[in-house]
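First the structure, in the form of structure tokens, and then the observations on it.
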Amino acid sequence: MIITFATQKGGTGKTTLAIAFANYISSLSDRKINVFDFDYQKSFYHKWKDDEILEIPKLYDVEIIGDDDGLPFSDFETLINLKESPEINLFDLAGTLDAKYSDLLIYSDFIVVPFEYSDVSVKSTLVFINMLGLLESEAERIFIRSKYDKGYKYLNQEAMDNELKKYGVLLSNPVFKRNCLQAIDTRKLTYEQKYAVTKSFQEIVGYINETLTITL
């Protein structure tokens, strides 16, 4: 199984949510978790390495996919094997459009797309959706509101929500703006962090189980 966290714009909390989801699913599932950092900044990988000082057992390994590797893997068969594997293979992509991501975006089982209601994020998300359409991606799309401020009235929310629902699943539970998520590590979820993401992640897991008729 391949679950990819991707978006066309940086700064939406994509890597933070990818780390939180990897931590969450590790505590929930007996399946092996493999994480691949395909972001040129390598933020997930560097965070995972820095967390070695915590002296807490690793929940999963993180592998870098370098910029000089060309395609995500040495051969297409490897990508298909990951897709068909019972293990959970989680990818964190850069917040940009890049041709080297094409195969992965096409053959991922699920693409989790964090977004905000700012004009820039809205436009970037729609561009990303259009690109997935052009690629004829087979992936199920899961849209998640990130850094959501429940005390703010987003004037474009209704229109954006209606548009996103045409192309995938829009989670009913957003991830609210929480300072605790800025201090996330790759070894555990604190009580506050788990509280911040659990409802959203329960929706994701439920959708995956229903779509693939499996149990994570």
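The values are calculated or read from the model by the stated rules, or taken from the named source; none is laboratory data. In this text the structure is predicted, and so the values were computed from the model without any measurement. Using ideal geometry, Cβ is built from the backbone for each residue, glycine included, and neighbour counts are taken over all protein chains shown. For accessibility, only protein heavy atoms count, side chains too; no ligands or nucleic acids. Shrake-Rupley method; radii C 1.70, N 1.55, O 1.52, S 1.80 Å.
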I'd like the residue in the stretch 43-65 that is open to solvent by less than 20 Å² (accessible area, probe 1.4 Å) and not aromatic (Phe, Trp, Tyr) and, out of all such residues, is nearest to Phe21 (Cα to Cα).
Val62
The one condition in (1) touching a Leu at 6+ places or on another chain (Cβ under 9 Å); (2) among the polar types (S, T, N, Q); (3) in a helix (DSSP H, G or I) that Ser137 fails to fulfil:
(3)
If you scan the stretch 87-118, which residues turn out to be open to solvent by less than 10 Å² (accessible area, probe 1.4 Å), under 18 Å from Phe76 (Cβ atoms) and modelled with pLDDT under 90?
Tyr101
Which of the residues spanning the stretch 106-134 are part of a helix (DSSP H, G or I) and not hydrophobic (A, V, I, L, M, F, W, C)?
Tyr107, Asp119, Ser121, Lys123, Ser124, Thr125, Asn130, Gly133
Please verify whether Ile129 is surrounded by 14 or more Cβ atoms within 10 Å (Cβ to Cβ) and either within 30 Å of Asp50 (Cβ to Cβ) or among the aromatic types (Phe, Trp, Tyr) (or both), treating the condition exactly as stated.
no
Which of the residues spanning the stretch 28-39 are exposed (fewer than 15 other Cβ atoms within 10 Å of the Cβ) and not in a helix (DSSP H, G or I)?
Ser29, Asp30, Lys32
Kindly evaluate Glu203 against the criterion of being acidic (Asp, Glu) and free of Cβ contacts under 8 Å to residues at least 12 places away in the same chain.
no
The stretch 1-27: number of residues that are among the small types (Gly, Ala, Ser) and either touching a Ser or Thr at 6+ places or on another chain (Cβ under 6 Å) or buried (at least 23 other Cβ atoms within 10 Å of the Cβ) (or both):
5
Across the stretch 132-186, which residue is nearest to Asn209 (Cα to Cα) among those that are surrounded by 19 or more Cβ atoms within 10 Å (Cβ to Cβ), basic (Lys, Arg) and without any contact (Cβ under 8 Å) to a residue 40 or more places away in the chain?
Arg141
Against the definition (of a type outside the set (Asp, Glu), within 16 Å of the chain's Cα centre (by Cα) and assigned to a loop (DSSP other than H, G, I, E, B)), how does Thr186 come out, yes or no?
yes
Would you mention how many residues in the stretch 194-216 are surrounded by 13 or more Cβ atoms within 10 Å (Cβ to Cβ) and either assigned to a loop (DSSP other than H, G, I, E, B) or hydrophobic (A, V, I, L, M, F, W, C) (or both)?
8
Among the residues of the stretch 157-171, write down those that are touching a helix residue (DSSP H, G or I) at 6+ places or on another chain (Cβ under 7 Å) and either outside any helix (DSSP H, G or I) or within 21 Å of Ile19 (Cα to Cα) (or both).
Tyr167, Val169, Leu170, Leu171
